[in-house]
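Chemist: Quick one: this structure, given as structure tokens, is what I'll be asking you about.
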Amino acid sequence: MKTPDTVIRYEDNAEQATVTGWICKTCKRWYGYDDSAKHMASYCCCTTRPCECGGRVDKHYVKCDACRAKADTERYYAREEREWDGKAPLCCDNDDKWFWSLDDLLDHMETDTPTAEQIEDLRLLFAEPHHPGFFDLSEHLSNYISGDAELPGDYEAAEKAVNDYLKANEPLSWTHGKYRPSVASIIAEIEERKKP
């Protein structure tokens, strides 16, 4: 043990040791020998890894393309189905396509008589309005005023004006909803339109 009076000579202060652990075969980075070291060394320079299905997956994904597609399909069909009234805006589940009317939907599909399969392939969802929250001027300016300072002037009138504007003009945007329209209700709206 080292004490204040102990002299340790440079040439006597090293000894050989055997170090075990895991390294990346590609870049030779050493990861140690704990439980996660083998995984980290394997992951370091790999480009693919095994998927839970037995296939191969790009290193940056958890599942392969086929497993991701299957999970997306299962997630979509697990959503509650509702009847479409022909008016509610629709959107595609995994895309940024929005349909504000039956005409928009049919134009996108490039047919006046789509099949049930063509409609299902779009994976439609009801679009839901995205409402802005209540505007609070003191919260908006919180980074610019000290904690105990009062806002000057008639800030309530400004707050009311902004909130009245937001309420009069909502929705300002739309988002993907949680319900899917039934294909039968979409086909029914298309058939209804064809009637003289």
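Chemist: Taking the Cα centre as origin and putting +1 on Lys and Arg beta-carbons and -1 on Asp and Glu beta-carbons, what dipole magnitude results for the chain, to the nearest 20 debye?
Modeler: Computed about the Cα centre, the dipole is about 1360 debye.
Chemist: Which lysines, on any chain, are close to Lys59 with Cα under 23 Å apart, when same-chain ones fewer than 8 places away are left out?
Modeler: Lys59 reaches Lys25, Lys28, Lys38, Lys70.
Chemist: Short version: ³J(HN,Hα) in whole Hz for each residue of region 125-130, in order, from phi by Karplus 6.51 cos²θ - 1.76 cosθ + 1.60 (θ = phi - 60°), x for Gly and Pro, what are they?
Modeler: Listing the rounded values in order: 10, 6, 7, 10, x, 10 Hz.
Chemist: Stretch Ala149-Arg9 to full length: gain in nm at 0.36 nm per residue minus the Cα-Cα span?
Modeler: 43.9 nm
Chemist: Rank by packing, highest mean first: peptides 148-157, 3-12, 96-105, with packing defined as the count of other Cβ atoms within 10 Å averaged across residues.
Modeler: Values: 148-157: 9.3, 3-12: 5.9, 96-105: 14.4.
For the peptides 148-157, 3-12, 96-105, the packing ranking is 96-105, 148-157, 3-12.
Chemist: Taking every Cα atom in region 23-97, find the radius of gyration and the maximum pairwise distance Dmax, and write them in Å.
Modeler: In Å, with Rg to one decimal and Dmax whole: 20.2, 62.
Chemist: Over all alpha-carbon pairs in region 127-196, figure out the percentage whose distance exceeds 15 Å.
Modeler: The calculated P(r) of region 127-196 puts 71 percent of pairs beyond 15 Å.
Chemist: Starting from 0.36 nm per residue, how many nanometres of slack lie between Tyr76 and Arg193 once their C-alpha separation is accounted for?
Modeler: Length difference between fully extended and current span is 39.3 nm.
Chemist: Counting only heavy atoms of the protein chains, get the accessible area per residue of region 17-100 (1.4 Å probe) and round it to a whole Å² value.
Modeler: With all protein chains present, region 17-100 gives 74 Å² per residue.
Chemist: Give the calculated FRET efficiency between Ala17 and His60 to the nearest 0.05, with a Förster radius of 35 Å applied to their Cβ-Cβ distance.
Modeler: It comes out at approximately 0.45.
Chemist: What translational diffusion coefficient, to the nearest whole µm²/s, does the chain have by Stokes-Einstein, given a Kirkwood radius computed over alpha-carbon pairs, a temperature of 20 °C and 1.002 mPa s viscosity?
Modeler: Translational D for this selection: 89 µm²/s.
Chemist: Counting pairs of alpha carbon atoms under 8 Å apart in space and at least six apart in sequence, what relative contact order in percent does region 43-196 give?
Modeler: Relative contact order here is 28 percent.
Chemist: Next up: Accessible area of region 91-145 with a 1.4 Å probe: how many percent of it is carbon plus sulfur? Before the final figure, lay out each step's value.
Modeler: Numbers: 1590 of 3560 Å².
Carbon with sulfur: 45 percent of the solvent-accessible area.
The values are calculated or read from the model by the stated rules, or taken from the named source; none is laboratory data. Only a predicted model underlies this, so the values are computations on that prediction, with no experimental measurement involved. With ideal geometry, Cβ positions are generated from the backbone for all residues, glycine too; neighbour counts draw on all protein chains shown. To get the accessible areas, we keep the full protein, side chains included, count just its heavy atoms, and leave off ligands, DNA and RNA. Shrake-Rupley method; radii C 1.70, N 1.55, O 1.52, S 1.80 Å.
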